[in-house]
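Taking it in order: structure first as structure tokens, then the write-up.
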Amino acid sequence: MWTVPRPEFTALDIFEICVQGIADAAKKARLEGIREQIEQAETEFDARATATELHLVVGANTLAGANGNATAKEMEQLYDRHLARQKSRGREIYDKIMMAAAHGQCPFCGHLPVSTLDHSLPKAQHPALALTPLNLIPCCKDCNHNKGTSGPNSPETQFLHAYYDDLTADRWLYAAILEGSPPGATFHVDPPEQWDDATSARVRRHFERLKLARLYASQAGRQLQNIRRSLSNIYEAAGADVVSADLLERSLSCADVSLNSWDGALYEAASQSDWFCNGGFRA
């Protein structure tokens, strides 16, 4: 899980741009009448997210405004047609939010490329937040799909939020080498002792729901094959201890960039495996 800088836009910034694309005068007037609700929803979201209380944000099917009600469906359409759609009025903002992720990689998995925006609280259940930039997180399509469209109902069921949750200083991702031909690896979460139970549960749920163990394992097998030749040369020249040292150095180099990178965890596990360092990498 990586952090992402918070968007520089406000909900009203995006709302005003998107509403200008509405051709139906009556519909446009109704939507323009919910500005206050949009602004209030953003303020509450920020406060709740800061306090890790997004599960307390109450959803709604309609938004009562000065010119009549706006429905959840209308807010979803405003997002889909006037923000997310290519060449729409708001697409430039959409793209800027996506590009905020470091190296264009999904902050949820830290591996696949960003290709969409995820609603932290689903827009169907929270229409007032459909255009709120703090509720829009750049991510890959796989993580967006695996996360699903259900909102949290407790502190433990809140997904990690790239704008508010910074877990980059603590180590929690680990790997183990699978002995076989070819060799492989498994990945698991082991939260540090100083974390509270809710944070530990959230990280485990994040890891399981997004199927990160499977994603990382599939990449690990290929990566172990990629380094087989270099490890073989080291082994022939200097033996298993130097192979272990080389793998540990690779792990430390990865950790300098991201303490919980899957490849860093892989190299560390490989460096600690006597079987792997004694020629198992050749299997």
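Among 55, 111, 145, which one shows the biggest mean-square fluctuation in a GNM of the chain, springs joining Cα atoms closer than 10 Å?
Comparing 55, 111, 145 in a Gaussian network model of the chain, the most mobile one is 145.
Explain nothing, just the number: relative contact order of region 135-244, from Cα pairs under 8 Å at least 6 residues apart, as a whole percent. Mind showing how you got there, number by number?
Details: 88 pairs, mean separation 27.5, N = 110.
25 percent.
What are the equivalent ellipsoid semi-axes of region 209-283, built from the alpha-carbon gyration tensor (square roots of five times its eigenvalues), in whole angstrom, biggest first?
22, 14, 9
Please compute the alpha carbon radius of gyration of the chain, then divide it by the globular-protein estimate 2.2 N^0.38 Å. Two decimals is fine.
Details: Rg = 22.8 Å, N = 283, 2.2 N^0.38 = 18.8 Å.
So the Cα radius of gyration is 1.21 times the expected 2.2 N^0.38 Å.
Between region 66-111 and region 171-241, what is the C-alpha centre distance in whole Å?
The two parts, judged by their Cα centres, are 34 Å apart.
Carbon-plus-sulfur fraction of the accessible area of region 158-211, 1.4 Å probe, in percent? Let's see the in-between values first.
Details: 1130 of 2590 Å².
Percent of accessible area from carbon and sulfur atoms in region 158-211: 44.
How large is the translational diffusion coefficient of region 75-183 in µm² per second when you combine the Kirkwood radius over alpha carbon pairs with Stokes-Einstein at 4 °C and 1.567 mPa s? Intermediate values should be presented prior to the final figure.
Details: Rh = 15.5 Å.
The Stokes-Einstein estimate is 84 µm²/s.
Distance check, please: which entries in 141/211; 28/141; 123/147 exceed 20 angstrom between their Cα atoms?
Numbers: 141/211 13 Å; 28/141 31 Å; 123/147 14 Å.
28/141, as the Cα separations exceed 20 Å there.
P(r) tail for region 1-62, what percent of Cα pairs lie past 12 Å? It would help to have the intermediate numbers written out before the result.
Working: 1416 of 1891 pairs.
The proportion of pairs with Cα distances above 12 Å equals 75 percent.
So which chymotrypsin sites (Phe, Trp or Tyr not before Pro) in region 53-139 end up in coil per DSSP with only 10 or fewer other C-beta atoms within 10 Å?
Working: sites: 79, 94, 108; in loops: 108.
Passing both the DSSP loop test and the Cβ count: no residue.
Evaluate 2.2 N^0.38 Å with N set to the residue count of region 1-106, then give the Cα radius of gyration divided by it.
Details: Rg = 15.0 Å, N = 106, 2.2 N^0.38 = 12.9 Å.
Computed over Cα atoms of region 1-106, the ratio equals 1.16.
Apply the a/c threshold of 1.5 to the C-alpha gyration tensor of region 139-283 and tell me whether it is rounded, prolate or oblate.
Values: a/c = 2.76, a/b = 2.09, b/c = 1.32.
Note, shape of region 139-283 comes out prolate.
Rolling a 1.4 Å sphere over the protein heavy atoms, what is the accessible area per residue of region 164-245, to the nearest Å²?
On the way: 4480 Å² over 82 residues.
Normalised by residue count, the accessible surface of region 164-245 is 55 Å².
Name the residue, out of 261, 120, 154, whose mean-square fluctuation peaks in a Gaussian network model built on the chain with Cα pairs under 10 Å.
Of 261, 120, 154, the most mobile in the Gaussian network model is 154.
How many percent of the accessible area of region 219-283 is carbon or sulfur, using a 1.4 Å probe?
On the way: 1420 of 3290 Å².
Carbon with sulfur: 43 percent of the solvent-accessible area.
Report the Cα-based extents of region 242-283 along its three principal axes, largest first, to the nearest Å.
So the extents along the principal axes, rounded to whole Å, are 29, 17, 13.
What percent do you get for the relative contact order of the chain when only Cα pairs under 8 Å and 6+ apart count?
18 percent
So how far apart, in nm, are the two label points at residue 156 and residue 66 if each is 7 Å from Cα heading toward Cβ?
Those two pseudo-labels are separated by 4.6 nm.
Please give me the summed charge of the neighbours of residue 113: other residues whose Cβ is under 13 Å from its Cβ, Lys and Arg +1, Asp and Glu -1. Walk me through the intermediate numbers first.
Working: positive: 141; negative: 142.
Neighbour charge sum, excluding residue 113 itself: 0.
Provide, for q = 0.13, 0.21, 0.27, 0.32 Å⁻¹, the log10 of I(q)/I(0) from a solvent-free Debye sum over equal Cα point scatterers in region 154-206.
Cα-only, vacuum Debye calculation for region 154-206: -0.41, -0.79, -1.10, -1.33.
Could you give the accessible area per residue of region 22-81, probe 1.4 Å, as a whole number in Å²? Let's see the in-between values first.
Details: 3180 Å² over 60 residues.
Solvent-accessible surface per residue comes out at 53 Å².
The values are calculated or read from the model by the stated rules, or taken from the named source; none is laboratory data. Quick caveat, the model's predicted, so the values are computed rather than measured. No Cβ is skipped: glycine too gets one built from the backbone with ideal geometry, and neighbour counts run over all protein chains shown. All accessible areas refer to the heavy atoms of the entire protein, side chains included, with ligands and DNA or RNA removed. Shrake-Rupley method; radii C 1.70, N 1.55, O 1.52, S 1.80 Å.
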